[in-house]
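Worksheet: one structure, shown below.
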Amino acid sequence: QVQLVESGGGLVQAAGSLRLSCAASGRIFSSYTMGWFRQAPGKEREFVAGITWSVGYYADSAKGRFTISRDNAKNTVYLQMNSLKPEDTAVYYCTAKTPSGSSWTYWGQGTQVTVSS
């Protein structure tokens, strides 16, 4: 069983920064691909960023502003968010998938990020 616990959300003003963390426990390995999704009120959950062993990839909305990273020794994934905009307001979810998996299998409970204008 894999558990993912997010932290670091909160209220920030536009143009500010936040760093989200996701601590993974259970049967999870450094070979897992990790990712972040978000869901705003009334909208579908959308992909934000993902990271394989060390290579990050991003949705267009996150490119140039967000950075995903991981500390495999700590089984922790981070999402550094800079230049935040009100439209970044959402619940952010950490997720993981196995090396052979084609879909995101494991999910955290989410952390709220609110960006005020």
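The values are calculated or read from the model by the stated rules, or taken from the named source; none is laboratory data. This structure is a prediction, so every number in the text was calculated from the model and none was measured. Ideal geometry is used to build each Cβ from the backbone, glycine not excepted, and the neighbour counts take in all protein chains shown. With ligands, DNA and RNA removed, areas are computed over all heavy atoms of the protein, side chains included. Shrake-Rupley method; radii C 1.70, N 1.55, O 1.52, S 1.80 Å.
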Starting from the Cα-Cα distance between TRP53 and ALA40, subtract it from 0.36 nm times their residue separation and give me the gain in nm to one decimal.
1.8 nm
Would you please name the trypsin sites (Lys or Arg not before Pro) within segment 27-117 that are DSSP coil residues with at most 13 other C-beta atoms within 10 Å of their C-beta?
ARG27, LYS43, LYS63, LYS74
Output wanted: per-residue J couplings in Hz (rounded whole) for segment 91-102, from phi through Karplus 6.51 cos²θ - 1.76 cosθ + 1.60, θ = phi - 60°, x for Gly and Pro.
8, 9, 10, 8, 8, 8, 9, 6, x, 8, x, 9
If you roll a 1.4 Å probe over the chain with all protein chains in place, what percent of the accessible area is carbon or sulfur?
49 percent
State, to one decimal in nm, how far the label point of GLN1 lies from the label point of SER103, with both points 7 Å from Cα in the Cβ direction.
2.1 nm
For the residue pair LYS74 and ARG19, what label-to-label distance in nm results when each label sits 7 Å from Cα along the Cα-to-beta-carbon direction?
0.8 nm
Averaged per residue, what accessible area in Å² does the chain show with a 1.4 Å probe, protein chains only?
52 Å²
Mean separation of Cα contacts under 8 Å (at least 6 apart) over the residue count of the chain, i.e. the relative contact order in percent, is 35 percent
Per the Kirkwood treatment, what hydrodynamic radius in Å, one decimal, follows for segment 59-117 from the mean inverse distance over all distinct Cα pairs?
13.2 Å
